[in-house]
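Encoded as structure tokens, the structure appears first; notes follow it.
The values are calculated or read from the model by the stated rules, or taken from the named source; none is laboratory data. This one's a predicted model, so the numbers in the text were calculated from it and none came from an experiment. Cβ atoms come from the backbone with ideal geometry, glycine included; neighbour counts cover every protein chain shown. What goes into the accessible areas is simple: the full protein's heavy atoms, side chains included, and nothing from ligands, DNA or RNA. Shrake-Rupley method; radii C 1.70, N 1.55, O 1.52, S 1.80 Å.
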Amino acid sequence: MPAVSGVPAGGVPGKAYPGNLTPYVTVTCIVAAMGGLIFGYDIGISGGVTSMDPFLKKFFPSVYRKKNEDKSTNQYCQYDSETLTMFTSSLYLAALLSSIVASTVTRKFGRKLSMLFGGVLFCAGAILNGFAKAVWMLIVGRILLGFGIGFANQSVPLYLSEMAPYKYRGALNIGFQLSITIGILVANVLNYFFAKIEGGWGWRLSLGGAMVPALIITVGSLVLPDTPNSMIERGQHDEAKEKLKRIRGVDDVEEEFCDLVAASEASQLVENPWRNLLQRKYRPHLSMAILIPFFQQLTGINVIMFYAPVLFNTIGFGSDASLMSAVITGIVNVGATMVSIYGVDKWGRRFLFLEGGTQMLICQAIVTAAIGAKFGVDGNPGDLPKWYAIVVVLFICIYVAGFAWSWGPLGWLVPSEIFPLEIRSAAQSVNVCVNMIFTFVVAQAFLAMLCHMKFGLFLFFAFFVMVMTVFVYFFLPETKGIPIEEMNRVWKTHWYWSRFVSDDDNPKVEMGKGGRAIKNV
């Protein structure tokens with residue numbers, strides 16, 4: 001297989017650090033992974049709120065009139081409003097900007113402080129949105145939420161990859177994505193019940209409820225230990241060694257500790273990690289930091305999860321039933337993510353990427369045919385048979401499952417585990433920035449694209465699913481079971497990336513030139 005030419009199926013041969021999956025590190029990673037709750041809650045809550053009539057009537061009356069009073073409106077176009085999409089997508093521009101600042105905070109002050117900032121800023125945004133009286137308050141609140149998400153998404157995946165034993169890194173890191181899916185599900189369930197509150201103020205509870213996941217990550221960041229990598233990076237060597245012994249559950253951590261110190265000292269030589277990213281030897285890392293989040297957003301998943309209630313309403317469900325359908329997709333999302341947790345360190349990253357991509361492609365083709373056959377280009381389906389709408393929901397759920405055990409969790413896992421320490425914070429910021437840029441673009445453009453492209457929108461995303469599946473097959477090496485500081489080996493043995501990475505690029509070899517005797521691995 002081209003992408004793993006010269007690499008055994010079980011990974012790259014190399015070091016096997018001693019260590020166990022201790023209760024301490026398990027609990028630590030579970031608490032840290034809850035940082036994903038804020039991102040997931042927001043994804044789920046925003047789509048549900050924007051389908052609630054009292055919310056639309058108060059803040060977006062033109063959309064409300066188009067939806068409820070003008071029955072001649074094309075179903076594809078009833079939610080097409082630049083202001084409405086700006087409410088949803090302004091968060092992602094803010095997250096993009098804050099992730100750049102978070103890179104410096106994460107590197108100089110540790111992963112915990114970034115997580116704390118994320119929780120506090122998200123909590124402030126939730127309070128402002130819950131008490132919003134005007135559109136500007138909604139937008140400012142969304143921006144604060146975005147700042148919080150930028151910090152959390154930058155620091156949590158790094159924290160998990162650094163804390164976890166390499167044999168279990170995939171499963172523990174995917175806890176972040178599991179939290180995202182749980183956040184989406186909880187938000188969808190709350191939207192379903194809050195929409196039934198008499199007086200039409202349930203949307204305030206939906207938006208203000210974001211304070212709960214914000215407080216979880218805020219308190220969690222205060223009680224969690226810092227990672228040994230981060231402590232070494234800030235000169236706390238003795239404390240880092242003791243912490244490494246505790247999280248690995250063994251006393252024999254000398255080899256791993258020395259490798260972490262060597263990687264940190266190499267990192268200290270890098271004055272500008274952003275400029276360093278452009279070096280030839282980091283070409284594989286930079287490519288993955290850009291292309292993986294780009295493809296993750298172009299799967300079309302956020303279209304489904306942002307606007308699930310809107311989408312189901314469009315394909316013929318009533319507003320109440322559309323929220324319930326969103327709950328169903330949320331349950332599928334959580335269940336399929338658990339499949340990924342079970343299999344990622346057993347079957348490998350590449351298998352899940354390829355299987356999930358193929359599954360999503362097939363489902364998108366079927367959904368396109370189903371919606372196109374009934375809605376055509378005029379967007380007026382007439383009376384939809386109940387069984388027909390159920391079939392569409394079924395294949396959307398299968399699509400969501402494919403994403404949830406492949407591109408969903410692996411889109412965060414793989415970038416966070418492949419970066420050397422000297423560029424790790426900067427590269428993770430690139431990863432988050434690209435993710436947020438295209439989340440913003442897709443969120444902002446989706447309703448207009450739905451209005452103009454009709455059912456062809458699903459073909460648009462299906463094209464990118466096909467391209468990214470081919471990309472994974474040829475260019476993504478397998479990274480399961482490889483210590484995070486030994487990841488350079490996967491590039492050296494890859495049929496394509498080996499031309500950019502050589503033995504001379506190993507940071508530990510470079511440190512030897514500085515006068516310190518460090519074993520070349």
ask   = At a 1.4 Å probe radius, carbon and sulfur cover how many percent of the accessible area of the stretch 186-234?
value = 73 percent
request  = Under 1.5 on a/c is rounded, so check that first for the stretch 179-269, then, if it is not, pick prolate when a/b is larger than b/c and oblate when it is not; a ≥ b ≥ c are the square roots of the alpha carbon gyration tensor eigenvalues.
outcome  = prolate
key: For peptides 408-418, 119-129, sequence by mean Cβ density within 10 Å, most packed first   = 408-418, 119-129
inquiry  = What distance in nm lies between label points placed 7 Å from Cα along the C-beta direction at V135 and A445?
reply    = 2.3 nm
task = Take the stretch 91-181, compute every pairwise Cα distance, and split them into 10 Å bins from 0; I just need the percent in each bin.
result = 19, 40, 30, 9, 2, 0
ask   = Using a probe of 1.4 angstrom, how much of the accessible area of the stretch 371-487 is carbon and sulfur, in percent?
value = 78 percent
request  = Arrange the peptides 145-154, 101-110 so that the one whose residues have, on average, the most other Cβ atoms within 10 Å appears first.
outcome  = 145-154, 101-110
task = At 0.36 nm per residue, minus the direct Cα-Cα distance, what do C258 and T104 gain on full extension? Give it in nm, one decimal, please.
result = 53.0 nm
request  = Take the alpha carbon gyration tensor of the stretch 125-242, find the square roots of its eigenvalues, order them as a ≥ b ≥ c, and report rounded if a/c is under 1.5; if not, report prolate when a/b exceeds b/c, else oblate.
outcome  = prolate
query = By per-residue mean of other Cβ atoms within 10 Å, what is the highest-first order of 420-428, 249-257, 436-444, 33-41?
reply = 33-41, 420-428, 436-444, 249-257
request  = Quick one: grab the alpha carbon gyration tensor of the stretch 329-452, order the square roots of its eigenvalues as a ≥ b ≥ c, and give me rounded if a/c is under 1.5, else prolate or oblate depending on whether a/b is larger than b/c.
outcome  = oblate
task = Starting from the Cα-Cα distance between T358 and Y342, subtract it from 0.36 nm times their residue separation and give me the gain in nm to one decimal.
result = 3.8 nm
